[in-house]
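The values are calculated or read from the model by the stated rules, or taken from the named source; none is laboratory data. Predicted, not measured: the structure shown is a model, and the values here were computed from it. We place every Cβ from the backbone using ideal geometry, glycine too, and count neighbours over all the protein chains shown.
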Amino acid sequence: MESIRYSPKKADVWSAGVLLLSMLCGAAFLPGVLGWEGSEEASPKLAYDVRKLLTEEERLAQCIAKHGVRIDADLEQLLCAMLRNNVPMRWTASQVMISSALS
């Protein structure tokens, strides 16, 4: 993994995105998609698996649709923008708040 400068505000947006994903798709969504068995110990592999899934925004949208979850296009855009691996391209909290998905 490449070294990325830590940005607490962008990390908060990421965390909120994970919570939103769990609310929309269920708490078992990520473990199910990633094939994690039971409750796993924290490890670099778990972070790698999540990053791999979220490398391409279309992949997340495909996984959501594949699991029968239907979400509005604006909400899908918001979710993908909050969960971008590319930290400088990840939305800020201000961008999230003015998103058309929340209006």
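Taking region 80-94 as the range and being farther than 16 Å from L21 by Cα and part of a loop (DSSP other than H, G, I, E, B) as the test, the residues that pass are N86, T92. Scanning region 5-61 for residues that are acidic (D, E), under 17 Å from L79 (Cβ atoms) and modelled with pLDDT under 85 turns up E56, E57, E58.
Residues checked against (1) part of a helix (DSSP H, G or I); (2) in contact with an Asp or Glu (Cβ under 8 Å, 6 or more places away or on another chain):
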| position | (1), (2) |
| --- | --- |
| L30 | yes, no |
| V33 | yes, no |
| E37 | no, no |
| K45 | yes, no |
| V50 | yes, no |
| I64 | yes, yes |
| R70 | no, no |
| L78 | yes, no |
| V96 | yes, no |
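On inspection, S22 fails the criterion of being polar (S, T, N, Q), closer than 18 Å to M97 by Cβ, within 13 Å of the chain's Cα centre (by Cα) and part of a helix (DSSP H, G or I). Residue selection: V50 fails the criterion of being free of Cβ contacts under 8 Å to residues at least 60 places away in the same chain and in contact with a Cys (Cβ under 9 Å, 6 or more places away or on another chain). For region 47-60, state whether one or more residues are more than 24 Å from R5 (Cα to Cα), surrounded by 11 or more Cβ atoms within 10 Å (Cβ to Cβ) and of a type in the set (D, E). Among the residues of region 47-60, not one is more than 24 Å from R5 (Cα to Cα), surrounded by 11 or more Cβ atoms within 10 Å (Cβ to Cβ) and of a type in the set (D, E), which makes the answer no. Between S99, S103, the distinction of being surrounded by 15 or more Cβ atoms within 10 Å (Cβ to Cβ) and out of contact with any Lys or Arg (no Cβ under 9 Å at 6 or more places or on another chain) belongs to S99 only. Residues that are under 11 Å from the mean Cα position of the chain (by Cα), within 17 Å of M23 (Cβ to Cβ) and free of Cβ contacts under 8 Å to residues at least 40 places away in the same chain: does region 60-67 have at least one? Checked against the condition, which is being under 11 Å from the mean Cα position of the chain (by Cα), within 17 Å of M23 (Cβ to Cβ) and free of Cβ contacts under 8 Å to residues at least 40 places away in the same chain, region 60-67 yields at least one hit.
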